[in-house]
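One structure is given below, encoded as structure tokens.
Please treat every number below as a calculation from the coordinates, not as lab data. Remember, it's a predicted structure, so these values are computed and weren't measured experimentally. Every residue, glycine among them, receives a Cβ derived from its backbone with ideal geometry; neighbour counts consider all protein chains shown.
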Amino acid sequence: MKRVLFLLLIAVALLCAACQPKPKGMTIITENYPPLSFESGGKITGFGADVIEAIQNELKTDYQPILLSWDAAYKRALKEPNVVLFTMERTPEREGRFHFIGPLGANTTYFYALRENNGDLPDLEAARQAIGIATTTNWFSEQMLQEKGFTNLLSNPDPLDAIRLMTEGKAELGIFTDLTFPQICAEAEVSPAAFKPVLELTQSEYYIAISKSTDEVKVEEWRSAFERLKNEGVIEDLKSRWIK
């Protein structure tokens, strides 16, 4: 009888242990944004992806990145805990909504136009008069223009569509960073030489973002791992492989 009771208690203990919630891992998401993140040969690669991999090697984790549109990735990181989103520009609007790790690097955002059709823009007021500005949904540059009251934005989830709007003459201008514009053009099968920057919007830095509702302990683990890699020169070495 005692043996039966003992075995019963063990079974109950095992059942209770199985019912306990398992520690939740991290969901890692990014967008098609070369050379920082893009899919090649069935794998997500790029400078940002390499940094994420290096951090995970430090933490002994192996969560595989998911490639989404920026709009979908951004909205998910706003709502869910334990989400790592890379890479993200750090702006006043986003400051209280995410934890930031970095910076990884810097870039300049320009209004671009077809070289054959347009001269330089003198100022933002001239950009307000443009017949359509191609933007990418929820990119920081679109958010910035929305904050400035622009009403002539043609928003698309895919930056390749922004390039197409410009080449088809449906948008007079497009908004991109100098870091990613050449490769986005290449993916759209359009020569970047067909365009020229006509007005600078801003200079900024890009980071790894973690959703605000994530446990602070996890955030600090990621931040500490990044700082170790930075101090050891690993981040700069990875950057040199992708950005000249």
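Loop-only GluC sites (Glu not before Pro) in segment 97-200, please: DSSP not H, G, I, E or B, and at most 11 other Cβ atoms within 10 Å. Could you put the intermediate results ahead of the total?
Details: sites: 116, 125, 142, 147, 168, 172, 187, 189, 200; in loops: 116, 168, 172, 189.
When the GluC sites (Glu not before Pro) of segment 97-200 are filtered for loop state and at most 11 Cβ neighbours within 10 Å, 116, 168, 189 remain.
In this label model, residue 240 and residue 79 are separated by 4.3 nm, measuring between points 7 Å along each Cα→Cβ vector.
May I ask for log10 I(q)/I(0) of the chain at q = 0.09, 0.10 Å⁻¹, from a Debye sum over the Cα atoms as equal point scatterers with solvent left out? Here log10 of I(q) over I(0) equals -0.45, -0.54.
Normalising the average separation of contacting C-alpha pairs (under 8 angstrom, six or more residues apart) by the number of residues puts the relative contact order of segment 107-203 at 50 percent.
Across segment 109-114, coupling constants 3J(HN,Hα) worked out from phi with the 6.51/-1.76/1.60 Karplus curve, θ = phi - 60°, read 9, 10, 7, 10, 9, 4 Hz, and Gly and Pro carry x.
Kirkwood Rh and Cα-based Rg: tell me the resulting Rg over Rh for segment 95-136, rounded to two decimals.
Values: Rg = 15.5 Å, Rh = 13.7 Å.
Result: Rg/Rh = 1.13.
Counting only alpha carbon atoms, the long axis of helix 216-231 and the longest principal axis of the chain meet at about 60°. Relative to the dominant Cα principal axis of the chain, helix 47-59 is inclined by about 20°. Could you tell me the center-to-center distance, by alpha carbons, between segment 116-177 and segment 200-216 in angstrom? Rounded to whole Å, the Cα centres lie 22 Å apart.
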